[in-house]
1. Using a probe of 1.4 angstrom, how much of the accessible area of the chain is carbon and sulfur, in percent?
2. Can you compute log10 of I(q)/I(0) for segment 463-539 with the Debye formula, treating each Cα as one identical point scatterer, at q = 0.17, 0.18, 0.20, 0.25 Å⁻¹?
3. Contact order normalised by length for segment 58-201, with contacts defined as Cα pairs under 8 Å and 6 or more residues apart; what percent is it?
4. Using only the Cα atoms of segment 426-473, each taken as one equal point scatterer with no solvent, compute I(q) by the Debye sum, divide by I(0), and report log10 of the ratio at q = 0.14 Å⁻¹.
5. Between residue 676 and residue 146, what is the FRET efficiency for a Förster distance of 60 Å, r being their Cβ-Cβ separation, to the nearest 0.05?
6. Fully extended, how many nm does the chain gain between residue 466 and residue 432 (0.36 nm per residue separation, minus their Cα-Cα distance)?
7. Treat the chain as a sphere of radius equal to its Kirkwood radius over Cα pairs and apply Stokes-Einstein at 25 °C in a medium of 0.890 mPa s; give the translational diffusion coefficient in µm²/s, rounded to a whole number.
8. Among DSSP beta bridges whose residues both lie in the chain, state the antiparallel percentage, nearest 5.
Amino acid sequence: MTSTPVIVVAGTNSGVGKTTLAVGLMSTLREAGLKVQPFKVGPDFLDGIHHEEACGTNSVNLDGWMMGKEGCLEAFREAIAASAADIAIVEGCMGLYDGRDGRSEEGSTAQVAKWLGAPVLLVLDAWSLSRSAAAMAHGYKTFDQDLRLAGVLFNRVAGASHATWLREAMESAPSTTTIKVLGCLPSDKRLDAPERLLGLLPPLAMTSGKQSDRLATLRMLMKEYVDLSALKVLAASSSVPPSIQPITGQTIQELSLPPVRIAVARDEAFCFVYHDNIRLLQKAGATVVFFSPLNDKSLPPDIDGLYLIGGYPELHARKLSANSAMRGSIRDFSKSGRFVWAECGGLMYLSQYIFVRPSDLRTSDEVAQGGPLSSAGSVKKGDDSPFEGSDLVNEMCGLLPFDVTMTPRMVMGYCTSRIGGPLARLLGLLPETPVRCQQYHFSEATVDGAPAVIVDENTGAGTGIRGVEEHAFSVTFETPGAWPAPEGVIVGRTVATYCHVHLGSDPRLAPAFVRAARASQRVASLLPSGTDVVALLLGSQARGRLIGVSEHCDAPEAAGAHVVSRSAVDLNGLSGQEVEAALQQAKDRGVESLHCLDVAWLAKHRPALVLTQDTCPACDAAAGTVHGAVEAAGLDKRCAVTLRPTTIEEIMDSARQVGRALGVAEEATAAVVGSLEARLALVAAAVQSRARPRILGLESITPLVASGQWLPDMRLRAGGVDALGGEAGGACRVVESGEVRACRADVVLICCCGRSAAQATKNRLPLRSQVPGGG
C-alpha cells in the first residue's frame, strides 16, 4: 500500500463549488509546506489547470471509463512517484455517482475512490438547507455501502447559526453521525471565477494579481473554517492497492533506438492535454519538446512528430492568424510527410479559416485586458457588436479541406472511436480497433458557410464530411440510440479529429504514435547490408527516406543518396596485395580511421537515424568513427545505431532492430523476416539428403584470409562443410597456404571484403598456385 495519504473531494452535483474548495485545500496545504499531488476524475482539462496553479505540479486525470482500473492506478502511482508527494487530493467530476450512464458507476468519482481505497469528502451546497442537508448526506452515504463517505464540507453557509443547525442535523441521525463535518464555508464574492462555454476559464485567462488574490482568499477561508488536521487524518486512512508490477521506464529495445522528438503545442491557445499522454509518449521512447504557436516563429528543430492539443484557439484566432511564419512552418512540416496529430483546438488551427462570433471576440479582448468576463454562451439577435466582419474571419494553417465555425451548440460526451483503414495503416494497428475518447466543443467543420457533415435524412446520423476523402474514425457516442458516423480527417500523414484521445485507454496507442513519428525520419545507412535491409523493409518509401549511404552501397534504392562515407585511401583498381600495402602505409602515416565521413553534410541534413557497424573496421566506417562524426555534426549521439551480426540468426535480429528504428510496424517487419526465414527453410529441406561438399571460404587472397562471422553459417545452411572447421559466428583469420592445400576443399568460395564479384574474379589468379584446382 502507498504511504501517501489520499482524499477524494466530491460533490453532490456540478456547481456546488468542489473545484474552488479542492483548489483552496491544495493551495493551503502547499503553503503549509506539503508537496500536494493533484488529480482530476473524468476527462475535464480545465479544473486540472487550476490545480496546477495551486500545487505547482501537473494534475493527472483518472478516468475510469477511458483508462480502466489498472490504467488509473498506474497513472496515480506514476504521478505520486514523480512528485514525491506528501498528500494526494483527487477532485471528482459532476456528482459523486455520476458517470458514463445511469446504470453503472463507470466513469464516476465513486468508482475511482473505491479503486484508490480513499475516503471521500463530500462538498454540499447548503444554501437554503438546514436539516435536509443531513438527509442528502444520508442518501449519498447509504447509496453504495462499499464507498467510504468519511467527511462533508458545507458550502455557501449563511452564518454561525446556519452552521450550528447543519452540524446538529448531521448528529441527529445514526447514519450521518459517522460523517465528520470538516467545515462550513460562507459565501464570498471574491471567490467568483470567470466561466465560459467550456466551464471555468483557466488561470492564465485572469491577470496574475487577480488569481493571486483569489488563492490568498481561499487559503484564508480554509484556515479559518476547515478542520485541516482532521482532513489530514482522514487522508492518512487511505489504502491504495499495491502495484502488481514494478514501475518501469523504457525497455532495453526502446533505449537502443534513435531518439524521436515530438513537439507539443503549449500556450494560452493550446492548453488542453492529458499529462499522462506526455508521460506515456516519453515511456514509449519519445523526447517531448514544447513550443508556442502564438509566440514562436517556427517549429523546434529536428522534430519527427507534431502534437497539436486542444484549447481556446478561437479566443486567440487573430494572433494565431497574424503569426504567418509559424503557420507556414507547420504547413511545411505536414507536407513533408511527417506525422501530425491534431485534436479539437488543433483541428481548428489546421483548418482553412476560423469563423468566430462577436461574443468570442469580446471574451478574447476581456481576457487580454484582464477585465471582467461577460457571459459568452451565445449570440443574441440584433447584437450591436462593434467588431467588423473581417475580425470574425481568421486564416489558419490551411491543411484541411474545410473551415471551422463557432456555434452555440455544444457537442459533449464519451465516444468509442473505431480506427479506420487509413489511420490503422498509419499507426500500424488493426482496422476497427476501438479507442475510448471524449469530445467537448462549440465549433463545427463548415464548407462555404454550411455544415461540412453530410447527414442521413432518415436517421439523422452523419455519413461523411464534405471534401474529406479519408476519415480517421467511425465514432459512436455513448448515448442511447447513437449511430456510428465518420469523423476526423487524414491528409497525408496528418490526422485531425475532434476526439480527445487518452493514450492510456489502450497500451498500444503511445508506441503507435512514436512509431508513426519515427516512420518519417530520414536515414543514412553507412554499410551495404544495412542499406539492403532498409530497402527491403521500406519498399517504395526507401528512396524518400534514405538520404545518405557509404560508397560501397550499390542497392538501387541508394541511387541519388549522398555518399557520406568514403575510404580514406583510394583503393580503386588495386589488387588485394596492393590494397593491403596501401592500408599499411596509411596506418604508418598515422591515419586513425580508414574512412572519411562528410560531417558538414550530416550537420546540414541531420538524418535522425544513422546505421553503422562494428564487425570490420576495414570494410566500412566503424562505430567509433561514425559516433565521432555524429557528435561533431551536432546530432544526438543516440541516432547512430550499431549493427553487430555474426550469425544468420543475428542478421535476422538486426533486421528486426532496423525495422523498429525505422518505425515499421512489427507485423510488417515480421512478414519480411519471415519470408527470409522461409527461404532458408526451403534451402535446408532441399539439401537435407544430399552429400555435403567441403567448402573453403576466403574473403581475401593476398593475404589468405578465411572468411568468418555469418559466412560459415551460410555455407553450413547451404549443405556444405567448412573445409577449415570454421563455425557460425567465428572470426575471420589469416591462414597459411599449406593449411589451405591440406584442407581438401571440394569448392573454393571467394567473397572478397569491399570487392565486387568482378574484382573478386580478377583477384583469384594468385590462388592457382596455392589450392589444387584453384584456377
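1. Using a 1.4 Å probe with all protein chains present, the chain comes out at 53 percent carbon and sulfur.
2. Rounded to two decimals, the profile gives -0.86, -0.92, -1.02, -1.22.
3. Working: 180 pairs, mean separation 25.7, N = 144.
Reported relative contact order: 18 percent.
4. -0.51
5. Between residue 676 and residue 146 the formula returns 0.60.
6. Result for the pair: 10.0 nm of gain on full extension.
7. On the way: Rh = 30.3 Å.
The estimated diffusion coefficient comes to 81 µm²/s.
8. 40 percent
The values are calculated or read from the model by the stated rules, or taken from the named source; none is laboratory data. Because the structure is predicted, anything quoted here is derived from the model rather than measured. We place every Cβ from the backbone using ideal geometry, glycine too, and count neighbours over all the protein chains shown. Keep in mind that these areas ignore ligands, DNA and RNA; they rest on the heavy atoms of the full protein, side chains included. Shrake-Rupley method; radii C 1.70, N 1.55, O 1.52, S 1.80 Å.
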